[in-house]
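Where a number appears in this text, it was derived from the coordinates with a stated rule and is not lab data. The structure presented is a predicted model; accordingly, all values stated were derived computationally and were not measured. All Cβ positions, even for glycine, are placed from backbone atoms using ideal geometry, and neighbour counts span all protein chains on display.
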């Protein structure tokens, strides 16, 4: 590491916790108006590796379609399924890094509580 290139951990805004749950991944397209996201195609299942208030890392068996926006469904707490929109931050070696782009305060609080409890 050089002084001009901080490590990934130094660039993170939020703490990250181990999270190994199944995640349903839906491809999303912009509506014709460009103001609304529409779920498209058949969802795929992925395995989460870690989670933060700002995003999630997923292990995937195939590369995502041309879509760069995804709707995710996963369970953080018992009987509480999280629906959140995300964008592709990075991909490589069977992994995707997704940044949450549409998550209300309730969802962020649920994830924040999970991460804090896991540290």
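Footprinting exposure proxy ranking of 14, 26, fewest other C-beta atoms within 10 angstrom first, gives 14, 26.
Label separation (residue 73 vs residue 104): 1.7 nm, computed from points 7 Å beyond Cα along the C-beta direction.
Pulled fully out, how much extra length does the chain show between residue 88 and residue 61, if you take 0.36 nm times their separation in residues and subtract their Cα-Cα distance? If you can, show how the numbers build up before the last one.
Working: separation 27, 0.36 × 27 = 9.72 nm, distance 1.58 nm.
Between residue 88 and residue 61, full extension yields an extra 8.1 nm.
Calculate log10 I(q)/I(0) of the stretch 8-118 for q = 0.10, 0.11, 0.12, 0.24 Å⁻¹, where I(q) comes from the Debye formula with a single equal point scatterer on each Cα and nothing for solvent. Summing over Cα pairs of the stretch 8-118 leads to -0.27, -0.33, -0.39, -1.51. Among 68-75, 101-108, the peptide with the highest mean count of other Cβ atoms within 10 Å heads the list, and the full ranking is 68-75, 101-108.
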